[in-house]
Every structure is written in structure tokens, then in C-alpha cells.
Amino acid sequence: MIDYRLLFRRAPTPMLVLDPDLMIVEASDAYLAATITRREDIVGRHIFDAFPDNPDDPEARGVEAIGASLQRVLRDHAPDVMPVQRYDVPQPGGGFATRYWAPLHAPLVNAHGDLEFIVQRPEDVTAFMLAETAGGELGRLTEELRQRIGQAEAEILARQQLQRQQHETMQVLADSLHTAVLGCDWLGLPVLCNDAARALTGGRLDGAPAEQWPQRLGLFDPAGNPLTEAGNPLVNTLHDRCVHDAEVVMRTPDAPARTFLMHAGPIEGRTDVVAVVAMNDVTALRRAARLQECELRTSKLLASAEPTDEVLVSVVQLVGSMIGWAATEVWIVDEVGPVLRRAACWDAGGRGGVCADGEPLPPGGGLPARAWQSNQPLWSTDPAEERAPLPAALAIPMSSGTDVRGVLVCYSETAEVPDDTRTAILTGIGAQLGGFLERRRGDSLAAELDRTRDEYAALVGHEVRTPLTSILSYTELLLDEPGLARDHRDMVQVMHRNVGILSIIVDKLLDVAGLRSGHLEIHRRPMDLVSVVHQAVDAARERTRRDVTIAVDAPATMPIQGDPERLGQVADELLNNALIWAPEHSTIGVRLAADAYAAVLDVANTGEPIPASEHRHLFDLLFRGGDVRHSGIPGSGLGLTLARAVVEQHGGTINVSDPAEPLTVFTVNLPTQPTADR
């Protein structure tokens, strides 16, 4: 691991690093030696506080000249090469030492195009300038040298040396960055490549002009199209066009796809490096965003009412396409045998290598079976073992609690490094799939139970009705017998009454089963709901032998479309229920109201409130509350079920008030306009 701070400090070239406020951030050892300073004395100070003009020199203009150069760099984000400047430096013992400098100021721009630092590389030319001024031996040698090689050659040599030093400085700074930085000359050939770029490109760009870089690096746009010359950031930069936040995808045969944000721009005043491009790796950020979006869209798919098989097919395609897998599949645990059976498969390339083999997998049948048995996400990089012609795979158990309902398997075309982020997100998707399968299984079992219960009720009802009809007929014949003894007649009357009660229960059972299965028709016609309710109230008053008042609050008439016989059954059941629970000397309230859309029937009593735990079961078939069972109150648990079935067949609703309220109120809402049978 390279210590870049140590590398910068030990660099043989004097360098000073400033922030945009011109505060000193860092200095190389060579700079400290040239300026006769210590690092702790200057770092953190403003450059002109640390290095003011010499107060003893009235012609000193160092602060002004250096300041102007730094402002140009801040404004243009471009290097600035200054002519030789006299800029004396403070001495530790007091006074100033004469110094001449050839300063270079270079900006350091981040991946977003913002200037973060300015690097000052001051070349100490004091000896040369003093020799020129003094006219001594060194001055004479210099003059002889100029006479031999010519003034032009000397200037070229000085410029080449300056550019070499500038290039070395730029290379050192670029190597200190984690972002890949590449630079090219005016021909588009690579001449600058930092450590991060070398690790990214290898030797694929050696000798390649800028036009060939996308092909050699395998660069594509976000839609998956190869990067064209018009979309090549470096080519644009060579034409003096800056590029910011250009998103590209690098696809190579031996590695997963990576996403980069590219920033590129020209460099003014240079002949060696004329354009630079920075590649910032945002693969992890883009992948995390896609994973979160995939999880959200999966949740929406699982909330749909589509058949289970269609939902699973959509999910495997969504997971594969959004996250970039080569293939995805779902295996479901068989309800009978201890095997996995494939329920859905998606192959991005349509090769058929993954989806072709659909044989059941036993507990030892590869990666999906191992994830099923361990209930843990598993990565694999051994395709031969996992029966898939792809280099890597990830298997995610689809769990509901401790039970594994299936396994989601994702395959990759390239060698993969296990990724905690993908594993975590896909584990969440697997849990969603497990919960989805558990809910669908529960719904299926509940529907099957309802269907079986209705069929059983209808079967039992029909089987019981025939002997009851015979018994009822024979008891009626016996009662008509004039010579029947008194005690025998009493017993036959009891039999006749009880058989009648059983017949009523059987009829209710058959009605409920028929209504729930849709086999019992509702004969809808114009009717007056007030008249039907009054008939039910009169019948209830005749039946009851208790001191309970039934008070009716209703308009004169309430026309609706309905079956009067069936709605009469509803009113009878609600009144019977109220009479059972109403205390002595109390009043049962019956209220009817209507508007243009709905008719409302309320039946209220002041008896013991219904326990909150029993509220959601009140209308269930054969349900009887705990108080009813323990107090010996007669009942079959069919009345309220029948009432709800009739109301729902009319397109209405029935519910009961909250147990915290002082009255227990059953409310029926019926449409006043014609509506189709439900």
C-alpha cells in the first residue's frame, strides 16, 4: 500500500498545496528547504501571511504578482506559468533572504469539475539570476553557453525542463487520487495514466488513440449501446468541449459490468497533455438504487390479484432484468414429496441452458436444494456442481417464518464476488415471495374449506330432510287419530313440535349453503320494506312471552327492489337475536330510514354487549358465542349467517356496532336502486 502523503512530502520537486481560500494545506520537504521554513509554521496559514513581501524592498511586488496568478487559476481552472519573480523569503533569525522564482500554479479539479486545490511549483532560479547580475564566473560560463547553442536552443531547453517538471507534478497528484485519470496529447494518444486508471485499463490503451478507447475498454451508454465517437467524452474534449457527468457502462468478458461517471476537459497552455478525462466508479451506488427499485416493484407485483404462476413469472423476469442477472428461476417446495419443482424461469439471452432442465430436485440436488435445506442465502462459483452453464449463482430461500416455501436462484455470466448489498436486498425479496406463497396457500385452503363446508352442509341437509318429512307426516296422521290415548297424544305432539324445529334448522342450513354457493335464487321485485319489517315485528310480539317492548320508528312506506320473503327472514333473525339478549322490561328499537341510494334497517337492544373477540365471527357459519353455549340458550348458529347471505345477495351489507357502545345495534344497508345479484 503506497503512502501518498509520504510520497508527496519526499518528492524532489518543491510543491505547495493551497485550498480555494489560499490557505496552505501541505508542502513538500523540497519546498520547505527552498523557503527556509518548517511545515508546522506555515500549514494552516494564508499564503501571504506566511510569505509577505520584504518590507525593506520598496519595489517588492511578489504578493501582487503571485496573487494575480492564483486568481487566474481560480477563475479559469487552468494552469498559469509566470515569468521569473523576485520574492524574498523570511529568515528564521530575522530579515529576508533574496530569492528568485519561476512559479507554476496548477488547479486540481475533482470529478464534479469543482476546484479543490491549487498546486504551486516554484522553481528556485536564485543562483542563476544572481550570477547573471554579478557577472562572475558562472555568468561568464552561461554567456559562453548561450553563444555556443544560441538563445533559441536555451529557451527550448528551459521549456522542456519546465514541462517535464509540470508533467511529473501532475503525475504525482493524479496518482494520489482514487478516481481513474487519463490524459492524452493533441493526437489523442495516452500520455497520462494514474494508478487507479492503470488498475482499471491494464495495458488495453497502450498506443491507442482516443477514438479507439471505447472499443478497447468495452464502453456502452446506459441503454446498452456501444459508445459512439459522438458520445466519447475524450474525443469531445479534444474538440474543446467539456463533459460533465457522462454515464458509461464498462462491460468486459471476464468481469461484471461497472458504471462510471466521466468528466473531461481540455488543458490550456500545455503541449504534452492537452485533454484529461476522469472516471468515477459509481457501480455500487447505481446497483443499490436498482436493487431498491426492484424490491419496491416486486412488492407491487406480489400485491396484485394475478394467478400465482403469472406473478412468479413476472417476478423472475423483473429481478433478472433490473439487477442484470443472466438468468433467474423460482423453485417451489412440493406439497407431497420432499423435492423442489421449478415454477418459473427467465433467461436473458434465450440460450435455454438454465431453463431447459426442469426435473425435480431432491434435498441433495445442487445449489437450490442446499439453500432450501439450510434456509440461508448461498453463493456458488462452481457451475459444474450447480447444473448451470454459467460461472456464478446466488440462491435465496423464500421463507415464511421458519418454513421454506421455495428458492429464488440468480445466475451470472461473469465470475462474481459475493456482494453483501445484493444478498441483503434479494433476501428481503425472498422473504416477500415466501410470505406471498404462504398467503396464497392459506387463501386456497380457506376457499377449499368454505367450498367443502357448503357442500357438506347441503349434503347433510338433503339427507336429513327426507326422514324428517316422513316423521312429520306420520306424527300428523297420529294426531288425527281419534282413538289415541291422551298420554300418547301428548308424546306425539312433543315429537311433532321438535321435528318441526329440526325442519326449520335444516331449511336454514340448506338456504345458507345455497346462498353462499350461488345456487339459491333471489326473486327480486318491487316491494315495501316497511311492510315486511312490520310483519316480522308482529310475529315477534306474538312469539315472545317476556316483558319486552318492540318499538318501531319507520316512515309510512319504503319502496325498494328485493325479495320480500328473503328480507323477511333477515328481519326475523335480527328480531329473534334481539329478543334472546334483551333484558326484562327493556325495549328493542327498530328503525328504518332511506335516502336516494340506500335503505337502512337498525335493530337495537340494551342487553349484554358482544365480546370484542367474538365480533369478527358473529356471521360465521355455525358460530355460537361462549355465553350462548354456557347458558343453555337454544340456537343453531345459522341465523346471522343466513341474514348476511341474503343481504349480500341483494347487494347490501350487514354489520354490528362497536362493543364499547351502550347499545348493541345490527345495521342492514340495502340499495334502493336495482342491482345485480352477488
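Residues are listed down the side, and each one gets a yes or a no for (1) among the small types (G, A, S); (2) within 15 Å of M279 (Cα to Cα):
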| residue | (1), (2) |
| --- | --- |
| A180 | yes, yes |
| A199 | yes, yes |
| L217 | no, yes |
| P226 | no, no |
| A230 | yes, no |
| V235 | no, yes |
| D240 | no, no |
| E247 | no, yes |
| P253 | no, no |
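Could you check V315 against (1) buried (at least 18 other Cβ atoms within 10 Å of the Cβ); (2) of a type outside the set (D, E); (3) within 18 Å of the chain's Cα centre (by Cα); (4) more than 24 Å from L390 (Cβ to Cβ) and say which number it fails?
The one condition V315 does not meet is (4).
Mind listing whichever residues of region 206-233 are hydrophobic (A, V, I, L, M, F, W, C), closer than 30 Å to S412 by Cβ and not in a loop (DSSP other than H, G, I, E, B)?
Answer for region 206-233, where residues must be hydrophobic (A, V, I, L, M, F, W, C), closer than 30 Å to S412 by Cβ and not in a loop (DSSP other than H, G, I, E, B): W213, L217, L219, F220.
Can you confirm whether A158 is assigned to a helix (DSSP H, G or I), touching a helix residue (DSSP H, G or I) at 6+ places or on another chain (Cβ under 7 Å), closer than 22 Å to Q85 by Cβ and at pLDDT below 60?
no
For region 445-475, give me each residue that is exposed (fewer than 13 other Cβ atoms within 10 Å of the Cβ) and either of a type in the set (K, R) or modelled with pLDDT of 80 or more (or both).
R451, the sole residue that qualifies.
Answer yes or no as to whether A604 is within 30 Å of P526 (Cβ to Cβ), modelled with pLDDT of 75 or more and assigned to a helix (DSSP H, G or I).
no
Picking from I425, I429, which residue would you name as being touching a residue at least 40 places away in the same chain (Cβ under 8 Å), open to solvent by less than 20 Å² (accessible area, probe 1.4 Å), more than 16 Å from L367 (Cβ to Cβ) and not in a loop (DSSP other than H, G, I, E, B)?
I429
Output yes when any residue across region 551-563 is touching a Gly at 6+ places or on another chain (Cβ under 8 Å) and either touching a residue at least 40 places away in the same chain (Cβ under 8 Å) or of a type in the set (D, E, K, R) (or both), and no when none is.
Yes: region 551-563 contains one or more residues that are touching a Gly at 6+ places or on another chain (Cβ under 8 Å) and either touching a residue at least 40 places away in the same chain (Cβ under 8 Å) or of a type in the set (D, E, K, R) (or both).
For region 528-565, what are the residues that are open to solvent by 20 Å² or more (accessible area, probe 1.4 Å) and closer than 16 Å to H650 by Cα?
Listed by number, the residues that qualify are D528, P559, Q561, P564, E565.
Being open to solvent by 20 Å² or more (accessible area, probe 1.4 Å) and either among the aromatic types (F, W, Y) or at pLDDT 90 or above (or both) is true for just one of G568, G589, G632. Which residue is that?
Step by step, each of G568, G589, G632 is checked, and only G589 is open to solvent by 20 Å² or more (accessible area, probe 1.4 Å) and either among the aromatic types (F, W, Y) or at pLDDT 90 or above (or both).
With the requirement that a residue be out of contact with any Pro (no Cβ under 9 Å at 6 or more places or on another chain), closer than 30 Å to M322 by Cα and surrounded by 12 or more Cβ atoms within 10 Å (Cβ to Cβ), what does region 245-274 give you?
D245, M250, R251, T252, A255, P256, A257, R258, F260, L261
Checking Q91 against (1) open to solvent by less than 50 Å² (accessible area, probe 1.4 Å); (2) touching a residue at least 24 places away in the same chain (Cβ under 8 Å); (3) farther than 25 Å from V273 by Cβ, which test does it fail?
(1)
Of everything in region 190-202, what is assigned to a helix (DSSP H, G or I) and surrounded by 15 or more Cβ atoms within 10 Å (Cβ to Cβ)? Give them in sequence order.
The answer is D195, A196, A197, L200, T201.
Taking the condition of being out of contact with any helix residue (DSSP H, G or I) (no Cβ under 9 Å at 6 or more places or on another chain) and of a type in the set (S, T, Y), how many residues in region 261-320 meet it?
Count: 1.
For region 234-244, which positions are at pLDDT 80 or above and either buried (at least 16 other Cβ atoms within 10 Å of the Cβ) or part of a strand (DSSP E or B) (or both)?
Residues satisfying the conditions are V243, H244.
Which condition from (1) modelled with pLDDT of 85 or more; (2) over 16 Å from A643 (Cβ atoms) is the one that R545 breaks?
(1)
Filter region 203-224 down to the residues that are among the charged types (D, E, K, R) and surrounded by fewer than 13 Cβ atoms within 10 Å (Cβ to Cβ) and list them by number.
Correct list: D206 only.
Would you pick out the residues in region 607-623 that are surrounded by fewer than 18 Cβ atoms within 10 Å (Cβ to Cβ), at pLDDT below 65 and in a loop (DSSP other than H, G, I, E, B)?
Within region 607-623, L622, F623 qualify.
Restricting the first residue to region 115-141 and requiring it to be of a type in the set (F, W, Y) and open to solvent by 70 Å² or more (accessible area, probe 1.4 Å), which pairs with a second residue that is outside any strand (DSSP E or B) and modelled with pLDDT of 80 or more meet a Cβ separation below 9 Å and a spacing of at least six or different chains?
These pairs meet every condition: F128/V84.
Kindly indicate the residue of region 20-59 that is open to solvent by less than 60 Å² (accessible area, probe 1.4 Å), of a type in the set (A, V, I, L, M, F, W, C) and in a helix (DSSP H, G or I) and also nearest to G95 (Cα to Cα) among those meeting that condition.
That would be A50.
Would you check which residues across region 332-381 are of a type in the set (D, E) and either open to solvent by 60 Å² or more (accessible area, probe 1.4 Å) or under 26 Å from the mean Cα position of the chain (by Cα) (or both) and list them?
Matches in region 332-381: E335, D347, D357, E359.
The values are calculated or read from the model by the stated rules, or taken from the named source; none is laboratory data. This structure is a prediction, so every number in the text was calculated from the model and none was measured. Every residue, glycine among them, receives a Cβ derived from its backbone with ideal geometry; neighbour counts consider all protein chains shown. The accessibility values were calculated without ligands, DNA or RNA, using every heavy atom of the protein model including side chains. Shrake-Rupley method; radii C 1.70, N 1.55, O 1.52, S 1.80 Å.
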